[in-house]
Structure formats: C-alpha cells, structure tokens
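Input: a single structure, listed below in structure tokens.
The values are calculated or read from the model by the stated rules, or taken from the named source; none is laboratory data. These numbers were taken from a predicted model, which means no experiment stands behind them. Backbone-built Cβ (ideal geometry, glycine too); neighbour counts: all protein chains shown.
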C-alpha cells in the first residue's frame, strides 16, 4: 500500500484520507475497518496514560505514528511509534480508497 499518507478519524463522525493529489473525507459510519483500528490502537495505550477512550481525533501518519487525542480533560491522549498495526491500517486505507470517486 501507499507509504506516504495520513488518516484522520474525527470524533464528530468523519474520516479523512490524505496523500499526494488526494484529500478525501467520508462519514465514519460508512467504514467497517475504523473500529478494529481504533481498538488496536487503544489496546497499545501506554500503561501510564490515564483517562477514557473518547477521542477528539485519532491520526495515523504513514504506518509508523499513531496519535490519540482525547476529548476533554478526562480522556486519554497518547502517541505510538512503530509499524505494528500495518494490517489494520492497510484494511482501512483499502476501504477508504474504494470509496474515492474515480476521475
């Protein structure tokens, strides 16, 4: 899959995919692969990070950086490095790119 991309999963219900020449948003409920990725990221939350799992945004920068931005002061925020969630990310990117209208 593409190695230079960003995915933003917004807590208000949209998901955005950005890569060279593409900036596409869709309603998160249209995507079945978002929740498995969110669950996988949450499971890797550092043990010293406290708070709930309600997010403002979850950002995936290529394969090696994931950023969970908690919503409000009572929810967790953390970043992860490493390419250990490649399968989850690939599945989501494939699902999103299938929705992008072809010119």
What are the residues in the stretch 30-39 that are touching a strand residue (DSSP E or B) at 6+ places or on another chain (Cβ under 9 Å) and closer than 13 Å to residue 89 by Cβ, if any?
31, 34, 37, 38
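Going through 43, 31 one at a time, which residue ends up being within 12 Å of the chain's Cα centre (by Cα) and modelled with pLDDT of 95 or more?
Working: 43 fails: within 12 Å of the chain's Cα centre (by Cα).
Sole residue among the options that is within 12 Å of the chain's Cα centre (by Cα) and modelled with pLDDT of 95 or more: 31.
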Checking 81, 66 in turn, the sole residue that is touching a strand residue (DSSP E or B) at 6+ places or on another chain (Cβ under 8 Å) and surrounded by 11 or more Cβ atoms within 10 Å (Cβ to Cβ) turns out to be 66
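Could you tell me how many of the residues in the stretch 2-29 are in contact (Cβ under 8 Å) with a residue 24 or more places away in the chain, surrounded by 12 or more Cβ atoms within 10 Å (Cβ to Cβ) and touching a strand residue (DSSP E or B) at 6+ places or on another chain (Cβ under 8 Å)?
So in the stretch 2-29, the residues in contact (Cβ under 8 Å) with a residue 24 or more places away in the chain come out as 2-11, 15, 17, 22, 24, 26.
Still in the running and surrounded by 12 or more Cβ atoms within 10 Å (Cβ to Cβ): 2, 5-11, 15, 17, 22, 24, 26.
Narrowing further to those that are touching a strand residue (DSSP E or B) at 6+ places or on another chain (Cβ under 8 Å): 2, 5-11, 15, 17, 24, 26.
Qualifying residue count for the region: 12.
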Cross-chain or 6+ apart pairs with Cβ under 8 Å, the stretch 71-90 first and touching a residue at least 40 places away in the same chain (Cβ under 8 Å), then assigned to a strand (DSSP E or B):
71/55; 71/56; 85/66; 89/7; 89/60
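Among the listed residues 54, 60, which satisfies the condition of being within 12 Å of the chain's Cα centre (by Cα) and modelled with pLDDT of 95 or more? Don't jump to the end; show me each part of the working.
Numbers: 54 fails: within 12 Å of the chain's Cα centre (by Cα).
Result: 60 is the single residue among 54, 60 that is within 12 Å of the chain's Cα centre (by Cα) and modelled with pLDDT of 95 or more.
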